[in-house]
1. Which of the residues belonging to segment 26-44 are of a type in the set (A, V, I, L, M) and within 28 Å of residue 83 (Cα to Cα)?
2. Any idea which of 50, 66 is modelled with pLDDT of 95 or more and in contact with a Pro (Cβ under 8 Å, 6 or more places away or on another chain)?
3. Given (1) surrounded by fewer than 21 Cβ atoms within 10 Å (Cβ to Cβ); (2) under 19 Å from residue 80 (Cα atoms), where does residue 136 come up short, assuming only one miss?
4. Cβ-Cβ under 8 Å, sequence separation 6+ or interchain: first residue in segment 97-108 and over 11 Å from residue 195 (Cα atoms), partner buried (at least 16 other Cβ atoms within 10 Å of the Cβ) and among the acidic types (Asp, Glu). Which pairs?
5. Look at segment 1-52 and say how many of its residues are without any contact (Cβ under 8 Å) to a residue 12 or more places away in the chain and either under 22 Å from residue 246 (Cα atoms) or crowded, with 21+ Cβ neighbours inside 10 Å (or both).
6. Which residues, counting only those in segment 72-87, are in contact (Cβ under 8 Å) with a residue 40 or more places away in the chain and among the polar types (S, T, N, Q)?
7. Name the single residue, out of those in segment 87-143 being acidic (Asp, Glu) and part of a loop (DSSP other than H, G, I, E, B), that is farthest from residue 12 (Cα to Cα).
8. Here are the criteria: (1) surrounded by 17 or more Cβ atoms within 10 Å (Cβ to Cβ); (2) out of contact with any helix residue (DSSP H, G or I) (no Cβ under 7 Å at 6 or more places or on another chain); (3) farther than 19 Å from residue 132 by Cα. Tell me which single one residue 109 does not satisfy.
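The values are calculated or read from the model by the stated rules, or taken from the named source; none is laboratory data. Treat the numbers as computed from the prediction; the structure is a model and nothing was measured. Methodologically, a virtual Cβ is constructed for each residue, glycine included, from the backbone with ideal geometry; neighbour enumeration extends over all protein chains shown.
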Amino acid sequence: MFNDLAGTQVKIKVVDIGANPIDGDPPYGAMLRRGEASVVGFEPNPSALALLNERKGPDETYLPNAVGDGRRHTLHVCQAPGMTSLLEPNPEVLDMFHGFPDWGRVLERVEVDTVRLDDLPETAGIDMVKIDIQGGELLVLRNAVERLRDAVVIQTEIEFLPMYKNQPLFSDVEQFLRGQGFVFHRFFPLISRVFKPVMVGGNIYGGHSQQVWGDGIFVRDFITFDGYSDDKLLAAAAIVHNCYDSVDLSLRLLKEYDRRRGTNLGSTYFDAFSGGA
């Protein structure tokens, strides 16, 4: 873990929008268990929220709000809970792939009130934002400009095909975040699917040629380091190391910290992970 290698005591604050544990351990999970992170999570699904609260530790807070633009929206509840969205599924695209026509079938439409991240005091002073809400990510980000000024790492679901009608795609999200001072770092993960009727190994989940969606990792500008306080450099270095194994970027951030402070954390870190000391 980063603190062990760099000899630091960094603790980060995470906001997780769409914190449903359906996908398993979040990328910051190890930091949370070590007391090196706190999280404010949002999950409007009652059963998922109950599970989060049942399992939570002392550094975890979970709220039932749907995050968006502060207005009322229609929630499209789908056969597969992971497809439920404020946006309507797009049959023209879903029909190209195995499974999705069934998973994206809308069972009911429910009116829900949303909240803006900028309006919630619980989200002040964040370091990392994670968003996975099936096409509503850009809506959240556009209404979180104040909070984004504090953040140094954003992990957001992105899609390359409009799985939902009028859905913003990767290029839209990247362009907006670039305007907020973030640089695209990597995909984590990147998911492909195979066009029907082809199937890979009899597995409807199998991928092949078409990249469909993934999570995009965006980091505050690591070219000029504009917008970083000294503490935020350490927070970003800890996040990219612990969550994404980006040791090279972590080292770059530490070297900027050392340049400002006259310290030697970068060398300590490099020697520790490379076996040089």
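1. Across segment 26-44, the qualifying residues are 30, 32, 39, 40.
2. Selected residue: 66, the only one of 50, 66 that is modelled with pLDDT of 95 or more and in contact with a Pro (Cβ under 8 Å, 6 or more places away or on another chain).
3. Residue 136 satisfies every listed condition except (1).
4. That search, which allows pairs on different chains as well, returns 106/88.
5. Residues meeting the conditions: 4.
6. Matches in segment 72-87: 84, 85.
7. Ranking the qualifying residues of segment 87-143, first place goes to 95.
8. Just one mismatch for residue 109, condition (1).
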